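The values are calculated or read from the model by the stated rules, or taken from the named source; none is laboratory data. Since we're looking at a predicted model, the values are computed, not measured. Glycine gets a Cβ as well: all are built from the backbone with ideal geometry, and neighbour counts include every protein chain shown.
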Amino acid sequence: MGYFEILGLKKEPFSTSPDPDFFYLSKDHERALTNSLIELRLKRGLSIILGDVGTGKTTLSRKLVQELKKREDFCFHVIFDPSFENEYSFLEYLVRNFNCPINTNDSPSLLELKESLEAFLFQKGVSENKIIALVVDEAQKLSPMSLEVLRVLLNYETNEFKLLQLVLLGQMELYSTIMNIPNFFDRISFKFTLNPLDYGETKEMIEFRLRQAGYKDKRHLFLEDGIKKIYEYTNGYPRKIMMLCYKALKKIIVDNKLAVDGKMIEEIIKEEEKAGWHKTSLPLKRDY
C-alpha cells in the first residue's frame, strides 16, 4: 500500500511529473495559458513563455496540449527536447512528425524537405483551414541554427495570417538568446514570464492537489504554520513545493502524526541541510 492510500488518497498528490490534471492554475499560469490559446486561435505566429527552473513550464505545456486536443481544427506537435545537430535533422524531424507528404523514395534533399513542409502548411492552413501549431518545451536548448529554421518557417504566411503557430517555453536564458537575433525577436506576438507563487497560491496549490488526489477528509493534512514554512523555504517555486510536501506526507506516516505543521517542516529542512541539500539562492521575480 502506498503512503497516499494510508492517508485516504487515491493518487500520489505531489508527484513532480507533469500531469495536466494536477496542474494548479496560478494567476501567471492562467494568463500564460489563456493568452497562448488566443494567439494560436488568431494565428499570430510566435509566443514565448519564460520561467526559471521549477516554475511549471513543462506542466503548462502539457496543459496547453490537453486543451489543443479538444479542438478539431488544430494540427499540432510537441517537441520535448529540441536538440538537433543540423538544419537537415530538424527539418526531417518536422516533416516526419507532421506526416508531410514527400515525393521521393530515397533520402530527401534539404530542398525537398523544405518544399514538403511548405506544401503541407499551405494545404492544411489554407485548403483545409486548420491551425498548425508547434509547441517547444525546453526551448532554451534551441541552437541559433534551429531558431533560424523557425524564423524561416514563420515567413510562410498568407495576406491574413501565419501558417505555422509557435509556442516556445524555456528558461530565462532563452530571452537573452533571442534578443541577439533581431529578425526573430521582432516576430514575437506574445511574451510572458512565469513568476513563483505567492503565499496564497502556495496554499491553494497544496489543497488543490490533495483534492485532485481524492482527499475528502475535513481534517487538514497541512496546517497553516506548516504551509508558511513551506512557502518560506521554497520561495513559491512549484517543483520545490511538491518535493517538500511529498517528504512531509511520508514523515506523517513514519512519525505517526496527524498533520504537517511548522515544526515538522523545520525538521525536514534540517535533515536536508545535514545531508548536504542546502538551500540555494533564488532569483527575484521579474517580468518582461
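Key figures
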read-out: Segments classed as helices (runs of 4 or more DSSP H), wholly inside region 1-109, with at least 1 members that are more than 19 Å from the chain's Cα centre (by Cα) and surrounded by 16 or more Cβ atoms within 10 Å (Cβ to Cβ); value: 3-6, 87-97
read-out: Matching residues, region 52-106, being among the aromatic types (Phe, Trp, Tyr), in contact with a strand residue (DSSP E or B) (Cβ under 6 Å, 6 or more places away or on another chain) and touching a residue at least 60 places away in the same chain (Cβ under 8 Å); value: none
read-out: Residues of region 101-127 satisfying the condition of being closer than 15 Å to residue 77 by Cα and charged (D, E, K, R); value: 124
read-out: Test: residue 120 is in a helix (DSSP H, G or I), among the hydrophobic types (A, V, I, L, M, F, W, C) and under 29 Å from residue 171 (Cα atoms); value: no
read-out: Restricting region 128-144 to residues that are in a helix (DSSP H, G or I), at pLDDT 95 or above and not charged (D, E, K, R), the residue that is nearest to residue 76 (Cα to Cα); value: 139
read-out: Residue within region 177-198 that is in the same structural domain as residue 34 (by TED's automatic domain parsing), polar (S, T, N, Q), in contact (Cβ under 8 Å) with a residue 24 or more places away in the chain and assigned to a helix (DSSP H, G or I) present; value: yes
read-out: Residue within region 114-124 that is surrounded by 16 or more Cβ atoms within 10 Å (Cβ to Cβ) and farther than 16 Å from residue 156 by Cβ present; value: no
read-out: Residue match in region 133-144 (condition: out of contact with any Ser or Thr (no Cβ under 6 Å at 6 or more places or on another chain) and free of Cβ contacts under 8 Å to residues at least 24 places away in the same chain); value: no
